[in-house]
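The values are calculated or read from the model by the stated rules, or taken from the named source; none is laboratory data. Source: prediction; values computed, not measured. As a convention, Cβ positions derive from the backbone with ideal geometry for all residues, glycine included, and neighbour counts pool all protein chains shown.
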Amino acid sequence: MVEANSAISARLAREPPWWSRPVYEKGPRPRPRRYLDGMEIERKFLVERLPDLTGESRPIEQGYLAIGADSEVRLRRDGGELMLTVKRGSGLSREEREIPLEPGDFERLWPLTEGRRLSKHRHLIRDGARTIELDVYDGDLEGLAVAEIEFPSEEAAAGFDRPRWLGAEVTDDDSYKNQSLAIRGAPAGGN
């Protein structure tokens, strides 16, 4: 058994499992994958004064299947895309894996997120060569707006010259992680 596990681990190190690769045969071709190497490098900011929101936006629902001290497993309905996402780590750089789900699989898992859900509208705002993802929350989190900016490296993140409409940075504040918002609601003093 140990030998079999070692062989499987060695194979997974060489090539990702079939279920982690995008599937294009069914439905519309998904948007390009954002996390080619499995790392997400992102800064988060509160937004007190909303900029012009006339551009592209879409509704997002997400619920959490499992939450640990340093990891999370979530379901997300992002427009027509259904994803299972695993994240590990906190702060500026986090490991992330996304797996597309079929509608039936998503619907079977969604009830398991009861009590650990949130909904929001994501607005995409161009800022030079970058896109800022501005999440305006619904329901119990109404009034909260958080902007996320993804970067190709930690150096690029450190050199980011933010627009004036971005408020306090909350990248390292775990109370503004979506999993925390889904369970505990908005932190005291949040928007």
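The table for this structure:
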{"read-out": "Arg49 touching a residue at least 12 places away in the same chain (Cβ under 8 Å), in a strand (DSSP E or B) and either in contact with a strand residue (DSSP E or B) (Cβ under 8 Å, 6 or more places away or on another chain) or not aliphatic (A, V, I, L, M) (or both)", "value": "no"}
{"read-out": "Boolean, Arg164 is free of Cβ contacts under 8 Å to residues at least 40 places away in the same chain and over 24 Å from Ser71 (Cβ atoms)", "value": "yes"}
{"read-out": "Output for segment 58-92, where each listed residue is more than 12 Å from the chain's Cα centre (by Cα), over 13 Å from Lys177 (Cα atoms) and in contact (Cβ under 8 Å) with a residue 40 or more places away in the chain", "value": "Arg58, Pro59, Leu65, Gly80, Glu81"}
{"read-out": "Residue within segment 149-159 that is of a type in the set (A, V, I, L, M), surrounded by 15 or more Cβ atoms within 10 Å (Cβ to Cβ) and either at pLDDT 95 or above or touching a helix residue (DSSP H, G or I) at 6+ places or on another chain (Cβ under 8 Å) (or both) present", "value": "yes"}
{"read-out": "Qualifying positions in segment 151-182 - among the hydrophobic types (A, V, I, L, M, F, W, C) and more than 16 Å from the chain's Cα centre (by Cα)", "value": "Ala156, Ala157, Ala158, Phe160, Trp165, Leu166, Ala168"}
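To keep it simple, each residue is scored yes or no on (1) buried (at least 17 other Cβ atoms within 10 Å of the Cβ); (2) modelled with pLDDT under 95.
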| site | (1), (2) |
| --- | --- |
| Ser93 | no, yes |
| Lys120 | yes, no |
| Val136 | yes, no |
| Ala145 | yes, no |
| Ala186 | yes, yes |
